Amino acid sequence: MKLLDGAAVDHGGSLGRARALFPNAPLPFVDLSTGINPHSYPLFELPATILSRLPEAGRGRELVEIAASAYGAPSPANLVGAPGTQILLPRVASLIAPGKALVLGPTYAEHARAAAIAGHAVTEVGDFEVLAEADLAIIVNPNNPDGRIIARDRLLALAAGLRAKGGLLVVDEAFMDVGPREHSLAGDVSQGGIVVLRSFGKFFGLAGLRLGFALSDAAAVGRLDNQFGPWAVAGSALEYGIRALADIDWQDAMRASLADSSARLDKLFGRFGAAVAGGTTLFRYLRLPDAADLFATLGERGILLRHFADRPGVLRAGLPGSEVEWQRLESALAEWASRREDRSKGSNQ
């Protein structure tokens with residue numbers, strides 16, 4: 001177990017930080033440090049009134065209806081939209097009184113920080129069964145960064161136990177768009193004691209829109225909705241959310257494309273001696289003893305992976321977005337592998 005507090009968390013995706021770390025790297029950076037789809041939903045023109053007028057309530061209701069259908073919520077009353085899931089985290093953690101919060105880790109660190117902000121005593125645990133002791137249990141499913149999946153029946157059993165004592169299970173399904181959707185709890189939230197979080201920006205590649213959703217029983221959704229008040233979701237996010245969540249053909253084609261790209265990435269890393277140990281089709285998880293050297297070597301060549309200060313042997317790699325980026329990654333990996341082989345030969349002489 002690891003006790004956690006509300007300290008600020010370092011994240012991937014910061015090109016400013018990348019330039020500070022690797023000031024001599026060639027530009028532009030190939031940013032593989034996030035799990036955001038590099039092939040975004042097609043951009044389309046928005047009328048000027050989207051920015052000059054307050055969002056219409058009717059469009060907000062339409063988004064909620066489409067999102068409820070897309071995610072498999074029991075009804076629109078079981079879903080609330082927000083300007084990104086990040087802003088939901090402390091509000092969701094505040095749905096129950098401060099108590100013992102257990103986070104199944106290692107995982108996305110913002111959950112622990114948000115629970116601590118909400119007043120909970122937070123501990124990261126590595127054993128799923130220990131979560132039954134929590135007042136607030138938090139699971140990322142599929143997990144970030146290793147892609148671990150917890151089966152739906154195990155989650156429902158945990159939720160039932162927590163619900164019986166007034167507790168709450170939070171399941172962050174930010175990457176369930178590319179996960180095994182049969183293990184989603186989106187359709188089970190009306191039972192009570194469950195909150196499911198869904199992120200729009202990652203799969204649709206539009207993280208800057210800031211759009212996310214919380215799914216829960218109607219009473220919990222009402223409490224969250226009241227905290228936000230009117231106009232919580234920006235007009236541009238409403239329009240993109242309505243169109244993209246209803247575009248099933250694009251979603252199906254993108255899932256197939258991401259599966260092909262992630263398989264290609266696995267082969268590329270494997271070819272140069274860095275076997276992939278897990279992940280999702282939006283990011284791959286690598287565990288190797290010289291991970292820090294791989295991170296630094298690629299960074300010096302303008303290719304940014306996600307590293308973890310508390311886990312020096314772990315890296316996460318997103319998908320290149322173009323053939324030029326694929327080629328830059330291949331060249332950098334070849335150079336790293338060559339240097340690695342030279343060091344190995346030198347140490348054996």
Write down the percent of antiparallel bridges among all DSSP beta bridges whose residues are both part of the stretch 117-214, to the nearest 5.
-> 25
Length-normalised contact order of the stretch 10-95, Cα under 8 Å, at least 6 apart, in percent, tallies to 15
Kirkwood radius from Cα pairs of the chain plugged into Stokes-Einstein at 37 °C, 0.692 mPa s, gives D in µm²/s equal to 155
Kirkwood Rh, the stretch 190-349, all Cα pairs: how many Å?
-> 18.8
Here the net charge surrounding residue 328, from other residues whose Cβ is less than 12 Å away from its Cβ (Lys, Arg +1; Asp, Glu -1), is -4
Of all DSSP beta bridges with both partners in the chain, the antiparallel percent, nearest 5, is 55
Report, to the nearest whole %, how much of the accessible area of the stretch 1-132 belongs to carbon and sulfur atoms, 1.4 Å probe, protein only.
-> 57
Given only helices, namely DSSP H runs of n ≥ 4 each adding -39500 (n - 2.57), what is the per-residue ellipticity at 222 nm of the chain, to the nearest 500 deg cm²/dmol?
-> -12000 deg cm²/dmol
Neighbour count of at most 14 Cβ within 10 Å plus DSSP loop: longest trypsin sites (Lys or Arg not before Pro)-free window in the chain | 166-349
Picking from 263, 44, 128, whose Cα lies most toward the positive end of the charge dipole for the chain (charges on Cβ: Lys, Arg +1; Asp, Glu -1)?
-> 128
Can you tell me the accessible area per residue over the chain, all protein chains present, probe 1.4 angstrom, in square angstrom?
-> 43
P(r) of the stretch 48-153 over all Cα-Cα pairs, 5 Å bins starting at 0, rounded to whole percent, reads 2, 11, 16, 17, 18, 15, 10, 6, 3, 1, 0
DSSP-loop chymotrypsin sites (Phe, Trp or Tyr not before Pro) across the stretch 16-89, with at most 10 other Cβ within 10 angstrom | 44
Stokes-Einstein D for the stretch 264-349 (4 °C, 1.567 mPa s, Kirkwood Rh from Cα pairs), in µm²/s, comes to 98
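The values are calculated or read from the model by the stated rules, or taken from the named source; none is laboratory data. Model, not experiment: these values are computed from the prediction. Cβ sites come from the backbone with ideal geometry, for glycine too, and all protein chains shown count toward neighbours. Side chains are part of the model used for accessible areas, which takes the heavy atoms of the whole protein and leaves out ligands, DNA and RNA. Shrake-Rupley method; radii C 1.70, N 1.55, O 1.52, S 1.80 Å.
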